[in-house]
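This report concerns only the one structure given below.
The values are calculated or read from the model by the stated rules, or taken from the named source; none is laboratory data. Since we're looking at a predicted model, the values are computed, not measured. Here the Cβ positions follow ideal geometry from the backbone for every residue, glycine too, while neighbour counts run over all protein chains shown. Ligands, DNA and RNA are stripped out before the accessible areas are found, and what is left, the full protein with its side chains, is counted by its heavy atoms. Shrake-Rupley method; radii C 1.70, N 1.55, O 1.52, S 1.80 Å.
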Amino acid sequence: MSIVNDGNILSILSTMNPWWQTGVVPKTQLKEFKRNGYFTCKKALDSDLRRIVVMSGARRTGKTTIMYQLISELLEKGVKPQNILFFTFDHPVIRMTGLDSLLSIYHNSISNDEKFWLFIDEVQFDKNWTHYLKMAYDMNPLMHVVATGSASAVVEDNVRESGAGRWTIIKIPPLSFYEYCEIKGVSKKIEDIDVFKIHELTKQEQTRIILALKDLQVHLMRYLQMGGFPELVNTEDLAYAQKLLREDVMERAIKHDLPAAYEIRSIDELEKVFIYLCYNSSSIINIETMCKEFDRVSKPTIEKYIKYLKNANLIIISKQLNISGKKVLKSKNKIYVADSGIRGAVVLGADIYTKDEELGYALETAVYKHVNDYFTAQNSLYEVGYVRDNNGAEIDIAVQYASNPIQYVEAKMRNNSTVKDDNGIVIYGMENTPGYVITKNETDFGLTERGNTSLYRIPAFAFLYLIGKNL
């Protein structure tokens, strides 16, 4: 008897769609806190401009939870439960069946109403999903679709190839520090403040804000250690949380998701490259050095693996930016593990509480992620990278538009950290825009003049909370 038959499929779909019987989404599938991505998806789903909404992001960032929250709201509004279909291509039988057959079985056995809502999890595992969704979109003008994908570039490339006008892609990154605090129940009643304008406030106003946020320091350390994955926020068992992350990264993303999406010659090589990048996160990556580290692995292969890891939302690439139009001798990328919690789970002994160097890696990762998300959300044409001139002067994080500098940021998570005159943020500082220096201590804040520019020092807990609040 064939595994893929109508009876088996209906049984699986009934399990995945319990609201067909109960009329509600199980409480175990819902979370009280709603991420920014939820409101972005809801706005796109409710818009008069009908689009297929696709959420992309790493595993465990809450994409599926957002879908359940959207389903719950539809049910509360009175949508007929049978007119909401959810399934995940993580399930092998669902994957074997394919999107076209699943929709046919659903319409024949559950609901043939013209207006229905389709929610698809891990859509990239169906090789023909864009083709079938595009056809379904055109043939069913009252159908609404939300899909998720963990391999973002695979999803986005397929969307681009299928033609514009049908799709809205929404990025779901790991939690910002602000979202982490909201889930932890340590929300602060602070007005919305553009963190890059805080230097314009009076010293008294700045002091008031820093003092109101100072008890977030302990939560920031936990955030940097555990990472920004919603279901792990409230766990006290660090070892178990790191075990789950390793399983998701190593066993599922690297050994399952990526090989399913690409032709990968050696999973072991891919895993070794990722571990190497974890140990060297926030560093400038030299591909030639990596080739020497891994015997018989060519430069094109390593470059390909780095691209795949980026596509799976496991690493972030920070490009070397030009300084005022000056060319660098040889541009090289910095690479960050996408979340400090992933690095902590992979790198044994990466204790941010006892090792200042590890704390520095974790903080720079978090700051880069927040700054990148903040500026690219405003304008996709902003470039967020780093600066390093031919003399070695460097700026951790730089934001540019059309080669013109917008903002410079330096992460200094050390006690009594100083910025020397030969630091890039001083040398290349802008006259009317202070460079931001992210510090460790609650008393280390304020504006200082430095040559032709100025620096604004701000504690990490305040910077990350305020910038996250505005994402």
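Take the Cα of K134, go 7 Å toward its beta carbon, and the backbone nitrogen atoms of region 41-64 under 14 Å from that spot belong to 52. Placing R0 at 22 angstrom, the Cβ-Cβ distance between A377 and T202 gives a FRET efficiency of 0.15 after rounding to 0.05. Take each peptide in 384-396, 129-141, count the other Cβ atoms within 10 Å of every residue, and average; sorted highest first, the result is 384-396, 129-141. Model label sites at E263 and L348, defined 7 Å from Cα along the beta-carbon direction, differ in position by 3.7 nm.
Multiplying each eigenvalue of the alpha-carbon gyration tensor of region 5-162 by 5 and taking the square root yields semi-axes of 20, 20, 16 Å, largest first, rounded to whole angstroms. Calculated mean residue ellipticity at 222 nm for the chain: -12500 deg cm²/dmol, from DSSP H runs with n ≥ 4 weighted as -39500 (n - 2.57), summed, divided by the residue count and rounded to 500. Answer with one residue from P26, V4, I110: the one whose Cα lies farthest towards the positive end of the charge dipole of region 1-125, charges on Cβ with Lys, Arg +1 and Asp, Glu -1. Working it through, the farthest residue towards the positive pole turns out to be P26.
How large is log10 of I(q)/I(0) for the chain at q = 0.10 Å⁻¹ when the intensity is taken from the Debye formula with one equal scatterer per alpha-carbon? After summing over all Cα pairs, the log10 values are -0.80. For region 57-87, trypsin sites (Lys or Arg not before Pro) meeting the loop criterion (DSSP other than H, G, I, E, B) and having at most 10 other Cβ atoms within 10 Å: K77. Taking amide H as placed 1.01 Å from N in the peptide plane, R450 has its amide H under 5 Å from the amide H of L455, each at least 5 places away in sequence or on another chain. Short-range pairs are left out: with C-alpha atoms under 8 Å and at least six residues apart, the relative contact order of region 1-109 is 39 percent. Using only side-chain charges placed at the Cβ, +1 for Lys and Arg and -1 for Asp and Glu, the dipole size of the chain relative to its Cα centre rounds to 300 debye. Based on C-alpha pairs under 8 angstrom that are at least 6 apart in sequence, the chain has a relative contact order of 14 percent. When the residues Y401, Y262, Y223 are ordered by accessible surface, computed with a 1.4 Å probe over the protein chains alone, the sequence from largest down reads Y401, Y262, Y223.
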